[in-house]
Amino acid sequence: MPKAPSIVGRIVESALGRPTRVLRVAEPAPGFLHLDLRAEPPAGGWQPGHEVQVRVTRTEARRYTVRRVEEPDRIHVLAALETGGPGALWLRGLRPDAEMTLLAARHVPLRQHGRRRLHLGDGSALGTFDALTADQPDPLVAVEASAESVPALAREWPGFRFVPAGGSPGDTLQRWLDSAIEGGALAGIDGALLLGHAQSLQRQRRALVDSEVLDRRSITTKPYWATGRVGL
Ligand SMILES: Cc1cc2nc3c(=O)[nH]c(=O)nc-3n(C[C@H](O)[C@H](O)[C@H](O)COP(=O)(O)OP(=O)(O)OC[C@H]3O[C@@H](n4cnc5c(N)ncnc54)[C@H](O)[C@@H]3O)c2cc1C
């Protein structure tokens, strides 16, 4: 429901709305916002990787992901804010004690493949990768993010690989992927999760399949945003 008449938004909100209070807001790296929220759980409870929506204007909603579940009614979300869109603007305005409504249905986990997985994405996917790899001792995660955010992100997630964005979205991560394929660094992976910029993840999937590192069925893709589109 990225864009809908306000009456539809209100109906969805009354069906799926979870009353939520902001406990803490932090900026773990330039352009990233960490939200610590007290939120009434939906049916089945909150789960890491749970998809949520917020109504950011009367007619527009934006999607985010639960990064961590700290208590049954306490969750964390990580948002990348360098979009200039109404979602980023709305999130930037949140302060501790603010009341809001999260829209959430019962959690439907992403269908993933393999045991030793490659995770590729941009800042919008970082919270999801954090959620989905929390129980893995040595996760294989590469994320493209703005050059100024990379040092702080690398400190916060020392096990993840961060590459500084440059050129068009996905270009640097694609170079990283091409050289990882070329150098044999992906030997042993049997699945991949590609999230974030739609056009980039198509390129990444093509590189993995064409190089025969993975077959198409072992790759899960989920676009989070696309060039030329708002609010996927
Ligand atoms: C299932 C799902 C889960 C998601 N979870 C998260 C999450 O946990 N954290 C998170 O940060 N994002 C997440 N996203 C992505 C987020 O919903 C989008 O980035 C959204 O477009 C942001 O809305 P906006 O109003 O700020 O920008 P929009 O108004 O949608 O877009 C404004 C402009 O910015 C571009 N744009 C949009 N997103 C990005 C981006 N990330 N980087 C650079 N340019 C961008 C658009 O193409 C457009 O040109 C998720 C998306 C989906 C579909």
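The values are calculated or read from the model by the stated rules, or taken from the named source; none is laboratory data. The shown structure was predicted, so the numbers you read here are calculated from the model rather than taken from an experiment. A quick note on method: Cβ atoms are made from the backbone with ideal geometry, for glycine too, and the neighbour counts reach across all protein chains shown.
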Let me spell it out: the conditions are (1) in a helix (DSSP H, G or I); (2) under 19 Å from the mean Cα position of the chain (by Cα); (3) in contact (Cβ under 8 Å) with a residue 24 or more places away in the chain, and Leu118 meets all of them except one. Which number is the exception? (1)
Subset tally (residues that are buried (at least 17 other Cβ atoms within 10 Å of the Cβ) and either aliphatic (A, V, I, L, M) or within 12 Å of the chain's Cα centre (by Cα) (or both)) for segment 35-50: 6
I'd like the residue in segment 180-232 that is hydrophobic (A, V, I, L, M, F, W, C) and surrounded by fewer than 14 Cβ atoms within 10 Å (Cβ to Cβ) and, out of all such residues, is nearest to the ligand (Cβ to nearest atom). Leu232
From the residues in segment 140-179 that are aromatic (Phe, Trp, Tyr) and under 19 Å from the mean Cα position of the chain (by Cα), which one is surrounded by the most Cβ atoms within 10 Å (Cβ to Cβ)? Phe162
Filter segment 99-115 down to residues that are among the aliphatic types (A, V, I, L, M) and touching a residue at least 60 places away in the same chain (Cβ under 8 Å) and give me whichever is farthest from the ligand (Cβ to nearest atom). Met100
Answer yes or no: is there a residue in segment 20-28 that is touching a Phe, Trp or Tyr at 6+ places or on another chain (Cβ under 9 Å), within 14 Å of the ligand (Cβ to nearest atom) and within 27 Å of Glu148 (Cα to Cα). no
Among the residues of segment 88-98, is there at least one that is in the same structural domain as Arg203 (by TED's automatic domain parsing), away from the ligand (no atom under 12 Å from the Cβ) and of a type in the set (A, V, I, L, M)? no
Considering segment 2-11 alone, what residues qualify as being surrounded by fewer than 17 Cβ atoms within 10 Å (Cβ to Cβ), in contact (Cβ under 8 Å) with a residue 12 or more places away in the chain and of a type outside the set (Ser, Thr, Tyr)? Pro2, Lys3, Ala4, Pro5
Exactly one condition in (1) out of contact with any helix residue (DSSP H, G or I) (no Cβ under 8 Å at 6 or more places or on another chain); (2) at pLDDT 95 or above; (3) within 13 Å of the ligand (Cβ to nearest atom) is false for Ala145; which is it? (1)
I'd like the residue in segment 55-80 that is buried (at least 18 other Cβ atoms within 10 Å of the Cβ) and modelled with pLDDT under 95 and, out of all such residues, is farthest from the ligand (Cβ to nearest atom). Arg55
Identify all residues within segment 64-100 that are more than 15 Å from Val22 (Cβ to Cβ), small (Gly, Ala, Ser) and part of a strand (DSSP E or B); write none if there are none. Ala80
Using the structure shown, decide if Thr59 is more than 28 Å from Val141 (Cα to Cα), without any contact (Cβ under 8 Å) to a residue 60 or more places away in the chain and touching a Gly at 6+ places or on another chain (Cβ under 8 Å). yes
